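Working notes for the structure below.
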Amino acid sequence: ILGGYEARPHLRPYMASLQLDGQHVCGGFLIAEQWVLSAAHCTEGTNGKLFQVLLGAHSLTEPEPHKRLYRVRAQIAHPGSNIHNNRDDLLLLQLEEKAELNAHVKVLPFQREDRDVEADTLCEAAGWGTVTHSGRRPDKLQQVERPVISRELCNHRTRHDQTITEKMMCTDSRKKDTCKGDSGGPLVCNGVAEGVVTAGSRVCGNYKKPAIYTRIAPYAAWIDGVMASAAG
Ligand SMILES: O=C(O)c1[nH]c2ccc(F)cc2c1NC(=O)[C@H]1C[C@@H]1c1ccccc1
């Protein structure tokens with residue numbers, strides 16, 4: 001998160017850190033007791049290794065009472081996701097067991113109504129992604145508030161030039177922005193997850209390249225289908 005600030009500990013009890021060998025790789029969030037939603041690109045370069053999912057954390061390194069690392073039973077990338085673009089950039093992770101829900105570990109509802117969030121709506125993003133242009137990594141969860149920008153503006157030839165589909169949304173990236181390592185985390189608008197930070201490599205903090213999110217509502221049926229088929 002560039003230009004943000006330390007989140008109040010455990011005010012975002014749905015936040016997950018996707019880790020490999022104890023290292024934070026991407027964000028994610030709890031959408032059901034045994035399911036985390038993140039971004040498919042985060043699995044690139046992991047050559048099929050399964051993540052571990054840290055829940056209930058504020059600091060990545062310090063011992064905290066409700067912090068717990070969960071093994072992953074299955075990782076399901078959206079079938080349309082690919083390395084060449086940001087389309088269908090979603091990853092579902094089934095935890096080995098149901099997460100123990102408490103004040104520090106909670107499910108975040110996601111938007112099911114497929115309607116664009118109005119431009120200028122202030123939404124929030126949080127993550128353990130880079131906090132400086134030089135790539136400094138924070139230990140504690142950071143957050144930032146960003147206004148939604150219209151798809152028309154985001155698709156301008158000087159911005160993302162017609163690559164933003166109706167299954168994506170954008171926020172202003174002037175100075176304050178999501179960045180590498182925040183991918184997979186939720187864009188929360190009025191208390192509901194409307195988007196997932198895309199994990200395609202992009203420049204951060206440059207107003208000419210707005211932040212891109214996968215809108216969740218268009219994928220509600222896919223998400224429900226995967227969770228239902230793997231149930232039990
Ligand atoms: O965040 C992303 O967009 C992204 N997309 C990817 C694709 C492949 C892939 F193997 C990783 C990623 C990855 N994350 C990262 O590189 C994480 C490791 C870097 C990081 C940044 C800040 C704080 C901690 C760690």
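The values are calculated or read from the model by the stated rules, or taken from the named source; none is laboratory data. Predicted model, so just to flag it, every value in this text is computed and none were measured. Cβ sites come from the backbone with ideal geometry, for glycine too, and all protein chains shown count toward neighbours. The area values use the complete protein model at the heavy-atom level, side chains included, leaving out ligands, DNA and RNA. Shrake-Rupley method; radii C 1.70, N 1.55, O 1.52, S 1.80 Å.
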Does Tyr5 count as buried (at least 20 other Cβ atoms within 10 Å of the Cβ), of a type in the set (Phe, Trp, Tyr) and either at pLDDT 95 or above or more than 13 Å from the ligand (Cβ to nearest atom) (or both)?
no
Among the residues of region 41-61, count how many are part of a loop (DSSP other than H, G, I, E, B), touching a residue at least 12 places away in the same chain (Cβ under 8 Å) and within 16 Å of the ligand (Cβ to nearest atom).
9
Looking at (1) within 14 Å of the ligand (Cβ to nearest atom); (2) part of a loop (DSSP other than H, G, I, E, B); (3) among the aromatic types (Phe, Trp, Tyr), can you tell me which one Tyr213 breaks?
(2)
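Considering only residues of region 160-178 that are open to solvent by 20 Å² or more (accessible area, probe 1.4 Å) and either touching a residue at least 60 places away in the same chain (Cβ under 8 Å) or within 12 Å of the ligand (Cβ to nearest atom) (or both), which is farthest from Ala32 (Cα to Cα)?
Step one: of region 160-178, the residues open to solvent by 20 Å² or more (accessible area, probe 1.4 Å) are 160-163, 165-167, 172, 174-176.
Next, only the ones that are either touching a residue at least 60 places away in the same chain (Cβ under 8 Å) or within 12 Å of the ligand (Cβ to nearest atom) (or both) stay: 163, 165, 167, 175-176.
Numbers: Thr163: 31, Thr165: 27, Lys167: 22, Lys175: 33, Lys176: 30 Å.
So the residue we want is Lys175.
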Would you mind finding the one in Val197, Val131 that is within 10 Å of the ligand (Cβ to nearest atom), open to solvent by less than 10 Å² (accessible area, probe 1.4 Å) and touching a strand residue (DSSP E or B) at 6+ places or on another chain (Cβ under 9 Å)?
Val197
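Could you run through region 26-38 and say how many residues are under 16 Å from Gln94 (Cβ atoms) and either open to solvent by 30 Å² or more (accessible area, probe 1.4 Å) or hydrophobic (A, V, I, L, M, F, W, C) (or both)?
9
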Check Arg137, Arg159 and return the single one that is within 28 Å of Lys208 (Cβ to Cβ), touching a His at 6+ places or on another chain (Cβ under 8 Å) and either of a type in the set (Lys, Arg) or outside any strand (DSSP E or B) (or both).
Arg137
Please tell me if Ser38 is touching a helix residue (DSSP H, G or I) at 6+ places or on another chain (Cβ under 8 Å), within 12 Å of the ligand (Cβ to nearest atom) and among the hydroxyl-bearing types (Ser, Thr, Tyr).
no
Taking Gly195 and the conditions (1) in a strand (DSSP E or B); (2) more than 23 Å from Pro138 (Cβ to Cβ), which numbered condition does it fall short on, given that it satisfies the others?
(2)
